[in-house]
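First up is the structure itself, then whatever we jot down about it.
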Amino acid sequence: MNPIVLFDGVCNFCNGAVNFIIRHDNAKRFTFAPLQSEIGQELRAKYGIGEDVDSIILVENDHAYTHSTAGLRIAKGLGGIWSLGYIWIIVPAFIRDLVYKTFAKNRYRLFGKKDVCMMPTPEIRERFVSEPGAVATGLSPAQDKH
């Protein structure tokens, strides 16, 4: 199963991040779903991720990664120059996450938000997971928040 990036579908910055990942993911490794979708809620429940986590989550290899670790693992997965960003993993998670959470807390004020979740264009629709139950089958409830 391909890694799934869950994102805040009404956040302008998050939508921009998803578009960035799509543009730079030449191997089409990542798939996507809004946190607000049925699948997003299903995966939150499966991995015990609370509503307080409202930005990007990466579900990969039977683990759910949140905050800065999710972002760094996505960068690594993009390969090429972007994978160099993974070097920041050496910074302790509590420090990385403090910076991440501060930015995430202010993202609506800085970048705005939409009234409804983004609708993928026909060209990228295949990259979005859309059927409830389709992604959770066979996943274990293992979780790694860092």
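Computed quantities for the displayed model
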item	result
Restricting region 18-45 to residues that are assigned to a helix (DSSP H, G or I) and in contact with a strand residue (DSSP E or B) (Cβ under 7 Å, 6 or more places away or on another chain), the residue that is farthest from GLU123 (Cα to Cα)	LEU43
Output for region 46-62, where each listed residue is modelled with pLDDT under 95 and either assigned to a helix (DSSP H, G or I) or under 12 Å from the mean Cα position of the chain (by Cα) (or both)	VAL53, ASP54, SER55, ILE56
Selection count, region 108-146, where residues are basic (Lys, Arg), modelled with pLDDT of 85 or more and under 15 Å from the mean Cα position of the chain (by Cα)	1
Only listed residue being among the hydroxyl-bearing types (Ser, Thr, Tyr), over 16 Å from ASN15 (Cβ atoms) and touching an Asp or Glu at 6+ places or on another chain (Cβ under 8 Å), chosen from SER68, SER55	SER68
Total residues in region 2-17, condition of a type in the set (Phe, Trp, Tyr) and either surrounded by fewer than 17 Cβ atoms within 10 Å (Cβ to Cβ) or part of a helix (DSSP H, G or I) (or both)	1
When residues of region 34-52 are limited to those that are free of Cβ contacts under 8 Å to residues at least 60 places away in the same chain and surrounded by fewer than 20 Cβ atoms within 10 Å (Cβ to Cβ), the one farthest from SER130 (Cα to Cα)	ASP52
Pairs with Cβ under 7 Å, 6+ apart, first in region 53-70 and closer than 15 Å to MET1 by Cβ, second in a loop (DSSP other than H, G, I, E, B) and among the hydroxyl-bearing types (Ser, Thr, Tyr)	ASP62/SER140
Cβ pairs under 7 Å, 6+ apart, first in region 76-96 and more than 17 Å from PHE30 (Cα to Cα), second surrounded by 11 or more Cβ atoms within 10 Å (Cβ to Cβ) and β-branched (Val, Ile, Thr)	ALA93/THR69
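The values are calculated or read from the model by the stated rules, or taken from the named source; none is laboratory data. This is a predicted model, so every value here is computed, not measured. Cβ: placed from backbone, ideal geometry, glycine included. Neighbour counts: every protein chain shown.
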